[in-house]
Structures are given as C-alpha cells and as structure tokens.
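J.: Input: one structure, supplied below.
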Amino acid sequence: MTTQSLPARTDAPARTPAVKAGGRGGRRLLRQRAGRQHHAGPLAYVLLAIMAILSIFPLYWTMVAASTDNTRVSQTPPPFLPGPNLFSNLARAWDEAAMGKAMINSLIVAGVIALSTVLFATLAGFAFAKLRFKGRNALLMLVIGTMMVPPQLAVVPLFMMMADLGWSQQLPAVIFPTLVSAVGVFFMRQYLTEALPDELVEAGRVDGAHSLRIFWSIVLPIARPAMAVLFMITFVHAWNDFFWPFVVLDMTNPTVPVALTQLSAGYVRDQSLIMAGALLGTLPLLAMFVVFGRQIVSGIMAGAVKG
Amino acid sequence: MATSTTKALTGDEPPRPTPRTGGESTARRRGALWHRLDIKGAPYAFVAPFFIVFAAFSFYPLIYTSWISLHDVELATLDVMEWVAFDNYVELWGDSRFWNALQNTITIGVISTVPQLMMALGMAHLLNYRMRASLFFRVASLVPYATSVAAAALVFTMIFERDFGMINWALGSVGIDPVDWEADKWPAQVAISTIVIWRWTGYNALLYLAAMQAIPADRYEAASLDGASRWQQFIHVTVPGIRSTIVFTIVLSTIGATQLFGEPLIFGQGPNGVTGGADNQYQTLGLLLYEEGWKNYQMGRSATVAWAMFMLLVLVFVVQRVVKRLRSRTS
C-alpha cells in the first residue's frame, strides 16, 4: 500500500493546478494535493458516473418533457428521448407564462445584488483582512454570527416595511435586503488575507495613498479572481432565491422562481409547458456553469476550507 | 510587482501635498490630520455598508418580529396593531396545526439531512481520488445547485406523479404497486426530502472535498505504516480531519431544514400548496408561517410562528452543545 501511494504523492504537485482563483501559494497547493493519494479504480468511476447521471438526469428529463407535448408526457412509459416541440414550447412559456418578463426581472435583481455584494464584500473583506482598527475581531465575529440568522424570521416586519416604503410588488423590495452578504464578506476576507501581501499595502501608504486609493489601485486588481467567483455564486443564489420574492412580489411583476409557481397552479396543467418554463428559468445558470464551472467549483471549495 | 504598483500610484497623482510658499505648514498639518482620519476612519467606513444593510433589513425586523407577535395585526390594515400580550403564543401552543407542522419540519429535516450528508461524504471521498475528468464530475455534482427550488420541485413533482410518473412506472415494472407520493404522509415527506437531497448533496460534497484535500499526507502515511486499511484510514484520518467542516454543514443544513418552504409548497401544487397537502401531511413551519400571514391575513400569528422557528433553532443548538459536552466528558 505504501509503495503504491508514494509515487502518486510525489508526482502530484507536478500537475498544473485546476484551482486558480483560490489564490493559494505553492506550498499550500502542494499540501492540498498531497491528501489525494490513490488513483481511482473502476468501481470509483462507476459510482461517480452513477452520481453524475443522477445529478444531471432530472434536468435532462426537463428538456425531454419540454420538447414533447402534454399527451405524450402523461403516458407510460414516460418519454426518454427529446421530441420535436422544444422551441415552440419555450416560445409559449416565454409569452404566455410571463417568463419573458420574469427573466428580465431576475436578470436585473440578480445582477444588481451580485454587483453590490461583490463591491461591499471586497471593501469589508479588505478592512477585516489588512486594516487595523478597534473592535475588528468583535465585528468579524458579528458578521459570522449574522450567517446563523435565518431570513424567514424577519419576513413579517420586512413585508410591513416594504408596504410603508411603497415597494410592495416592486423589485427594490427584493434587491435592498440582499445588497450585502456575510458569506461574501468572510469569503473576501479569507481570500485577501492570503493573496494580498502586507508589503503592498504598506508601500501604498508610504507613497501617501489614502485608503480608498489603495483599495482601488492595489486591492481590486489582486481581488479580481475572487470577485468574479463571488459574483457568480451570488448571482446563482439571487436568481434562485424563492421565499422572500414569493412573499413580496406578485404575478404582474415576478422573478423566475415566482413565475414558475404560477405555471403549476393552473387548473389545466400543461406539463410540457411547465417543464419548458422550468428549463427556460434554469438555462442562464446552466450556461454559466458550463462556461465557468471550473471557477465556480474552485470558489466554493476555497470558501469552504476554513468555513 | 510591488514597485510597479507604487509607480502606477505615484504616476497617477502626486500623493504628497506639493510644497507651496506661505501656507506650507498649515497645508502639511491639514494633510496629517486628513491622513490620521483616513487611517482611523476608513476601516469603519469600509465595513459600514454591510452593517447598515444588515441592521436595517435583518436585525431590526428580527427584533420587531417579537414585538409584532404580541399584537393582532391584519394583512389588510398593517398599521392597526392591537396589543394582545401572549395570546398568540397561547393559541399557537394549543393549535394542533402547529404541532403537526413542527413534527413535519423535524421529520423532513432528518430524512433530508442525514442521507444527504452521508452521501456527500461518500461522494467527496470518490472525488478525492486522482482520476480523469475530475473537473467534469465536480461540475456535474454542482448542476443541481444551479437549479432553483422552483424548477427542481416542478420536475420532481412530475417524476413522482401517481399515474404516469417515472418512479411509479419503474416500481410497476418490478411488480410494486404504485405509491401515492402526494396524498400519503410518509411517501410525500420522502419525495420532498428527495428534492432537498438532490439539490444539496453535490454542494456539500465539494465542501468536504476541499477539507479532505487540506489533510496533511503524513497522517495517511502514519496510518498506513500502522497497517490501517483504506476503510480504517477513512474513519480514523479522513473523518476526524474534516470534523469542523462536517459541523459547519450540519449547522447549515439544520438552518435550511427549519426554514423548508419552496419544496413542499410547489410539490403541493397551487391550491393545496400552502396547507401542505389536503391533511397538512407535509406542512412545514415555513408553510404555516405563510398560511397564517398571507392566507389567513393574521400577521401577528405569522410572527409568532417565526419566533417559534427561531426558538426551535436555538433549542437544536443547545441540545447539540449539551450532547457534545456529555460526550467529551464520558470519553
């Protein structure tokens, strides 16, 4: 067993690291790679393939159901291969089920939330990682503590507040409460603690740059990969957020998940239309995962190590 | 790197106040004052946005929830609050729907969390092997995470459909009678848990994988020198090595489980959704909160349910702490 695992361990660091956005130093990388000792056997591949199929199949079948018609979906055995109606069903979902408006609304909501979360998380993360100030640790503990507060508890007063502000059924009601995220602050702090050398900040100070300038010219360029990852993860969460948008928005102005509930609530259920809507609402995120899957995976893993 | 950045800095803007004749000392003093203010104040300014938004939209509402729960407030007249002291709590205590929802929240929470985290552990172990296409497997395991609750619940509602759903068709092909996954209590709870498990297993697996890769190799070396099998290494090196991540995922899953809302709502489809089935067979506390507030128009009672959920969470963590204490004392 030892002889088997040793060569694997020594050649492990030679492989190019898949994780780039994690911003780890070479030594840390080496240590990380070292944990992965054995080559996968056939059994591991089979099990992983089964898991991949289980993960992907429901979405594949969404596509299948969205490409047939209602009578075919309601027959046994269920269809397993795509039919001819995919684009006509998607077009119907876009027009009839308010999915078009919902997609645009979700794009605005998720885009604004992700941008502001990234900006404020980087600012706060930089302060917590590299600036000295009284009460820093206590405030950081407070940030972490806020992660433990479930948002549902605040929903009744929040609803009243939005009614007072005249924001009921409006997008700002969804955007404002989620402009910041504790997870984001913590994530950026972890990243900047390691990726941003103290000397760079010091050098900026010696040159007389004020804090905002240091943030702009030194921190932002270094933080960029982590910011991109945080943007995508926040975007996914905001796009999929359900409870609060469902409470405060209505069908005249929905986000994607809210519009999807309406699809299933009709008395005549058109199954392939429902599946077309579900597919349409998921496609933007799937596209993002196909293109940036590597970065998203590494981001989630980088945020986890000390989480 | 360092020099180029500082050069860029000085190139953009002369950072030191340029000496001027006459007012030089006041300018310098003002500069020094400005600098002190920047050093002292900037960190607070940088962390302020987070705390301001959190205070306004999370902390203040959280506290205000408890105040509302002591009142009668109707959805149509939100500004009319009638003081009723602890009446809402007394009524909730005597309400069988509350105990039913509490029980469902706990059972669905257990059915969805325990298998989810165990499977995630196994999956992380597999992903930790050196292999081809490892990136593909990792991204594939995250695909459910990219799917919204709404979309996932809609698909699984169809897969679990009684008459033409895939699960019953598959069961039928091996001679098992069709199961009514919606109307019967336990099948419904299993089906709802399946949605939760599907969405979150891969995500948790990646968290475990990250922690596993941080375990120093020499621990495995030492274990294998001691003659430990791979299974023993997994139990005695891997699992203890990622303990803090396991605790973290348990905390996250517990919070998620107490708040379960979208899955049972959409699984119940429209009219029955908020009640969690015709007999409330899968109504969770989240659904009860919504039903009281936005279907029965009783915001005060809704806030009471929210506060009960919070107490449930606190209770779970207190129990967990006590169990941990007792365990460490006995071992």
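The values are calculated or read from the model by the stated rules, or taken from the named source; none is laboratory data. Small disclaimer: the values here were computed from a predicted structure and weren't measured. In this analysis, Cβ positions are derived from the backbone assuming ideal geometry, glycine residues included, and neighbour counts consider all displayed protein chains.
J.: What's the total number of residues in region B:195-226 that are among the hydroxyl-bearing types (Ser, Thr, Tyr), modelled with pLDDT of 90 or more and surrounded by fewer than 23 Cβ atoms within 10 Å (Cβ to Cβ)?
T.: Looking only at that region, the number is 1.
J.: List every residue pair whose Cβ atoms sit under 7 Å apart, with the two residues 6 or more apart in sequence or on different chains, where the first one lies in region B:127-154 and is farther than 20 Å from B:Ile195 by Cα and the second, anywhere, is basic (Lys, Arg) and outside any loop (DSSP other than H, G, I, E, B).
T.: That search, which allows pairs on different chains as well, returns B:Leu127/B:Arg138; B:Leu135/A:Arg294.
J.: Starting from region A:219-231, keep only residues that are farther than 10 Å from A:Gly125 by Cβ, then list their pairs with residues that are outside any helix (DSSP H, G or I) whose Cβ atoms are within a distance under 6 Å, requiring at least 6 positions of separation or different chains.
T.: A:Ile222/A:Leu196; A:Pro225/A:Ala21; A:Val229/A:Ala21
J.: From the list B:Tyr282, B:Tyr297, B:Tyr290, which residue is touching a strand residue (DSSP E or B) at 6+ places or on another chain (Cβ under 8 Å), closer than 24 Å to A:Pro151 by Cβ and not acidic (Asp, Glu)? Show your work before the answer.
T.: On the way: B:Tyr282 fails: touching a strand residue (DSSP E or B) at 6+ places or on another chain (Cβ under 8 Å); B:Tyr290 fails: touching a strand residue (DSSP E or B) at 6+ places or on another chain (Cβ under 8 Å).
Just one listed residue meets the conditions, B:Tyr297.
J.: Are any residues in region B:263-311 among the acidic types (Asp, Glu) and part of a helix (DSSP H, G or I), and if so, which ones?
T.: Those that are among the acidic types (Asp, Glu) and part of a helix (DSSP H, G or I): B:Glu263, B:Glu291, B:Glu292.
J.: While we're here: Considering region B:50-74 alone, what residues qualify as being at the interface with chain A (Cβ under 7 Å from one of its Cβ atoms), of a type outside the set (A, V, I, L, M, F, W, C) and crowded, with 18+ Cβ neighbours inside 10 Å? Give the derivation first.
T.: So in region B:50-74, the residues at the interface with chain A (Cβ under 7 Å from one of its Cβ atoms) come out as B:50, B:53-54, B:57-58, B:61-62, B:64-65, B:68.
If we keep only those that are of a type outside the set (A, V, I, L, M, F, W, C) too, we end up with B:58, B:61, B:64-65.
Scanning region B:50-74 gives B:Ser58, B:Pro61, B:Thr65.
J.: Inside region B:149-165, can you point out the residues that are aromatic (Phe, Trp, Tyr) and not in a loop (DSSP other than H, G, I, E, B)?
T.: Of everything in region B:149-165, just one residue is aromatic (Phe, Trp, Tyr) and not in a loop (DSSP other than H, G, I, E, B), namely B:Phe156.
J.: Looking at A:Val118, is it among the aliphatic types (A, V, I, L, M), more than 11 Å from chain B (Cβ to nearest Cβ) and surrounded by 23 or more Cβ atoms within 10 Å (Cβ to Cβ)?
T.: It is true that A:Val118 is among the aliphatic types (A, V, I, L, M), more than 11 Å from chain B (Cβ to nearest Cβ) and surrounded by 23 or more Cβ atoms within 10 Å (Cβ to Cβ).
J.: Looking at A:Leu280, A:Leu263, which is the one that is assigned to a helix (DSSP H, G or I) and modelled with pLDDT under 90?
T.: Every option except A:Leu263 fails the conditions.
J.: Moving on to the next point. Starting from residues that are of a type in the set (A, V, I, L, M, F, W, C) and free of Cβ contacts under 8 Å to residues at least 60 places away in the same chain, keep the ones in region B:266-299 and report whichever is farthest from the other protein chains (Cβ to nearest Cβ). Outline the logic, then answer.
T.: Here is the first cut: in region B:266-299, the residues of a type in the set (A, V, I, L, M, F, W, C) are B:266-267, B:274, B:278, B:285, B:287-289, B:294, B:299.
Those left that are additionally free of Cβ contacts under 8 Å to residues at least 60 places away in the same chain: B:274, B:289.
Numbers: B:Val274: 11, B:Leu289: 7 Å.
Among residues in region B:266-299 that are of a type in the set (A, V, I, L, M, F, W, C) and free of Cβ contacts under 8 Å to residues at least 60 places away in the same chain, the one farthest from the other protein chains (Cβ to nearest Cβ) is B:Val274.
J.: Tell me which residues, restricted to region A:212-234, are surrounded by fewer than 23 Cβ atoms within 10 Å (Cβ to Cβ) and polar (S, T, N, Q).
T.: A:Ser217
J.: How many of the residues in region A:57-114 are part of a loop (DSSP other than H, G, I, E, B) and out of contact with any helix residue (DSSP H, G or I) (no Cβ under 9 Å at 6 or more places or on another chain)?
T.: 1
J.: Looking only at helices (runs of 4 or more DSSP H) that lie completely in region A:161-252, which have at least 2 residues being at the interface with another protein chain (Cβ under 9 Å from one of its Cβ atoms)?
T.: A:182-195, A:198-206, A:211-214, A:220-240, A:243-248
J.: Exactly one condition in (1) assigned to a loop (DSSP other than H, G, I, E, B); (2) at pLDDT 95 or above is false for B:Arg132; which is it?
T.: So the condition that B:Arg132 fails would be (2).
J.: Those residues that are buried (at least 18 other Cβ atoms within 10 Å of the Cβ), more than 9 Å from chain A (Cβ to nearest Cβ) and not hydrophobic (A, V, I, L, M, F, W, C), I need them from region B:151-194; list them, please.
T.: B:Glu182, B:Pro187, B:Gln189, B:Ser193, B:Thr194
J.: Does B:Ala101 satisfy the condition of being more than 8 Å from chain A (Cβ to nearest Cβ), among the aliphatic types (A, V, I, L, M) and in contact (Cβ under 8 Å) with a residue 12 or more places away in the chain?
T.: yes
J.: List every residue pair whose Cβ atoms lie under 8 Å apart, where the two residues are 6 or more positions apart in sequence or sit on different chains, the first residue falls within region B:212-236 and is within 20 Å of A:His39 (Cβ to Cβ), and the second residue, located anywhere, is in a loop (DSSP other than H, G, I, E, B) and modelled with pLDDT of 90 or more.
T.: B:Met212/B:Asn128; B:Met212/B:Ile242; B:Gln213/B:Asn128; B:Ile215/B:Ile242
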